[in-house]
Amino acid sequence: MAAHLYCSNKFLHKQLTDATMKVLVDINHPAHVHYFRNFARIMHREGHDIAFVARDKEMAHRLLSLYGIAYQGRGRGKSSKVGKFLYLLYADLRLLQISQQFKPDVYLNFLHPYPSQVARLLGKTSLVFSDTEHASLHHILTVPFATKVYTPSCYRLDLGPKHVRFNGYMELAYLHPNYFTPNPDILLRLGLSQHEPYVIVRFVSWAAAHDYGHTGMTLANKRRAVELMARYARVFITSEGELPDDLEAYRIKIPFDMMHDAIYYSSLLFGESATMASEAAVLGTPSIFMDNDGRGYTDDEEHKYGLVFNFKETDQGQQNAIAQAIEILQDRSNSKKFKEKREVLLADCIDTTQFMVDQVMQYENT
């Protein structure tokens, strides 16, 4: 209710001053669409102009279209180190061209360098969100050019005088109850009865710039994890890459915009994605996350709320993760317990989208 009141007051202020902000939101990964889509909706409602620019990565363009968000593309990017450098030059030039037409007052994005570099070149404000500590190359190429960098309060690094911490998680920009209501129709799509336990398993490609040196789970341990968990629950796999035929049979087949519904009603999220582990946590679903680097926010969700279980990528770490998964699935009373932990988390955290709006609006008359 407070968010609606704020929007109404800001809209009235906008009518009185006839001031319209122009904000360019740059999308470098499909998850970023979720981070900023509710921000854009609120800002549009207040009468401000929002322009989206998006890299053609995985389903980013499909998500933007799904939510009715107009956008301009900036290419697919490259995977090699040389290719990434050449793409940096191309993306900066593309954003410069778009900026000359749109003339944004503020550039907004999740940690990647292109908008901040162009904003600095044009003398404009660049606001950057981040929650990934080990994205060291992006830090080097982004932070010096940004006006402010916002992170969850649990962020492990100190980024200097530009660093602003907030008490929340990026996933609450779209999974906070202000924006997300789970749809139980997902159970019918999955062919499940109302209380039938099931697990979402997530495997990643390890192709991102900050993933160099990571290998993730071995194929043998992937097979072992699925085999053991299938004794206690239905197993559905979502994977960025190809799967062998025996695991392909478990691939989840649902509309891509219903994945959060699937996570909400699941008994467990198991895998290699930090974002999905945190999504599960803020939805009250226990999650198991394997990564040698870890994240400040998944550590926080484990130590404060007991909603994430973090493990290393070592063989022993993978074995321990599998054992933890079985322990969770064996206790059929876990669902109520973890949903109650979610309520504690929500009481502690802010609405990340409203925080974004508040921060951007500080630059309304600059």
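The values are calculated or read from the model by the stated rules, or taken from the named source; none is laboratory data. None of these values were measured; they are calculated from a predicted model. Because the Cβ atoms are built from the backbone with ideal geometry, glycine has one as well, and the counts that use them run over all protein chains shown. Protein only, heavy atoms only, side chains kept; ligands, DNA and RNA dropped before computing areas. Shrake-Rupley method; radii C 1.70, N 1.55, O 1.52, S 1.80 Å.
Could you rank His61, His29 by how accessible they are, 1.4 Å probe, largest area first?
Numbers: His61 35, His29 60 Å².
Result of the area sort, largest leading: His29, His61.
Whole-Hz ³J(HN,Hα) for each residue in the stretch 144-159, computed from phi via Karplus 6.51 cos²θ - 1.76 cosθ + 1.60 with θ = phi - 60°, x for glycine and proline: what do you get?
Working through the residues one at a time gives x, 9, 7, 7, 9, 10, 9, 9, x, 4, 7, 4, 6, 9, 9, 8 Hz.
What shape does the stretch 298-364 have by the C-alpha gyration tensor, where a ≥ b ≥ c are the square roots of the eigenvalues, rounded means a/c under 1.5, and otherwise prolate means a/b greater than b/c and oblate the rest?
Working: a/c = 4.40, a/b = 1.90, b/c = 2.31.
Verdict is oblate for the stretch 298-364.
Can you give me the solvent accessible area of Tyr250 with a 1.4 Å probe, rounded to the nearest 10 Å²?
80
Tell me whether the stretch 235-281 comes out rounded, prolate or oblate; compute the Cα gyration tensor, take square roots of the eigenvalues as a ≥ b ≥ c, and use a/c under 1.5 as the rounded threshold.
Working: a/c = 1.86, a/b = 1.51, b/c = 1.23.
Because a/c hits 1.5 or more and a/b exceeds b/c, the stretch 235-281 counts as prolate.
Could you calculate the FRET efficiency of Leu228 with Thr20 from 1/(1 + (r/R0)^6), where r is the beta carbon distance between them and R0 is 56 Å, rounded to 0.05? It would help to have the intermediate numbers written out before the result.
On the way: r = 57 Å, r/R0 = 1.01.
Calculated transfer efficiency: 0.50.
What is the sum of charges, Lys and Arg at +1 and Asp and Glu at -1, for the other residues whose Cβ falls under 14 Å from the Cβ of Lys336?
Values: positive: Arg332, Lys337, Lys339, Lys341, Arg342; negative: Asp331, Glu340, Glu343.
Taking every other residue near Lys336 into account, the sum is +2.
If I build a Gaussian network model for the chain, linking alpha-carbon pairs within less than 10 angstrom, which residue out of Ala91, Ala347, Ala281 has the largest mean-square fluctuation?
Greatest mean-square fluctuation among the candidates belongs to Ala347.
Mind jotting down the three principal axis lengths of the stretch 9-136 based on Cα atoms? Whole angstrom, largest first.
On the principal axes, the stretch 9-136 reaches 51, 32, 29 Å in Cα extent.
So if I place +1 on the C-beta of Lys and Arg and -1 on the C-beta of Asp and Glu, and nothing else carries charge, what would the dipole magnitude of the stretch 7-164 be about its Cα centre? I want it in debye, nearest 20.
Values: 21 positive and 11 negative charges, 54 e Å.
About 260 debye.
Below 8 Å between Cα atoms, with a sequence gap of 6+, how large is the relative contact order for the stretch 281-366 in percent?
Values: 83 pairs, mean separation 27.4, N = 86.
Dividing the mean separation by the residue count of the stretch 281-366 yields 32 percent.
What is the local net charge at Leu187, summed over the other residues whose Cβ is closer than 10 Å to its Cβ (Lys, Arg +1; Asp, Glu -1)? Don't skip to the end; give the middle numbers.
On the way: positive: Arg189; negative: Asp185, Glu196, Asp261.
Result for the neighbourhood of Leu187: -2.
Of Lys57/Lys336; Lys103/Lys148; Lys81/Lys103, which ones are farther than 26 Å apart at the Cα? Could the numbers behind the result be given before it?
Working: Lys57/Lys336 37 Å; Lys103/Lys148 20 Å; Lys81/Lys103 31 Å.
Correct reply: Lys57/Lys336; Lys81/Lys103.
Go ahead and set up a Gaussian network model of the chain, Cα springs under 10 Å, then flag whichever of Met258, Met290, Met229 fluctuates most.
The residue that fluctuates most here is Met258.
Normalised by the number of residues in the stretch 149-196, what is the relative contact order in percent for Cα pairs under 8 Å and 6+ residues apart?
Numbers: 27 pairs, mean separation 12.8, N = 48.
Computed over the stretch 149-196, the figure is 27 percent.
At 1.4 Å probe size, with no ligands or nucleic acids counted, give the accessible surface of Phe256 in Å², nearest ten.
Result for Phe256: roughly 60 Å² accessible.
Expressed as a rounded percentage, what relative contact order does the chain have, with Cα pairs under 8 Å and six or more residues apart? It would help to have the intermediate numbers written out before the result.
Values: 618 pairs, mean separation 53.1, N = 366.
Computed value for the chain: 15 percent relative contact order.
Under 12 Å from the Cβ of Tyr114, count the other residues' Cβ atoms, weight Lys and Arg +1, Asp and Glu -1, and hand me the total. Please report the intermediate quantities before stating the final value.
On the way: positive: Arg55, Arg74, Lys84, Arg94, Arg120; negative: Asp26, Asp92.
Residues near Tyr114 contribute +3 overall.
How large are Rg and Dmax for the stretch 103-230 when only the alpha carbon atoms are used, in Å?
Spelled out, the Cα radius of gyration and Dmax of the stretch 103-230 are 19.8, 57 Å.
Which option, [x] 81, 44, 37; [y] 62, 49, 36; [z] 73, 42, 33, is the value of Cα extents along the principal axes in Å that was calculated from these coordinates?
Read-out taken from this structure: [y].
Which three extents, in angstrom, do the Cα atoms of the stretch 227-348 have along their principal axes, listed largest first?
Answer, in whole Å and largest first: 43, 32, 27 Å.
Apply the Karplus parameterisation 6.51 cos²θ - 1.76 cosθ + 1.60, with θ equal to phi minus 60°, to every residue of the stretch 181-194 and state each ³J(HN,Hα) to the nearest whole Hz, in sequence, with x for glycine and proline.
10, x, 9, x, 4, 4, 5, 5, 5, 8, x, 10, 7, 4
What accessible area, in Å² to the nearest ten, does a 1.4 Å probe give for Val164?
Here the accessible area works out near 40 Å².
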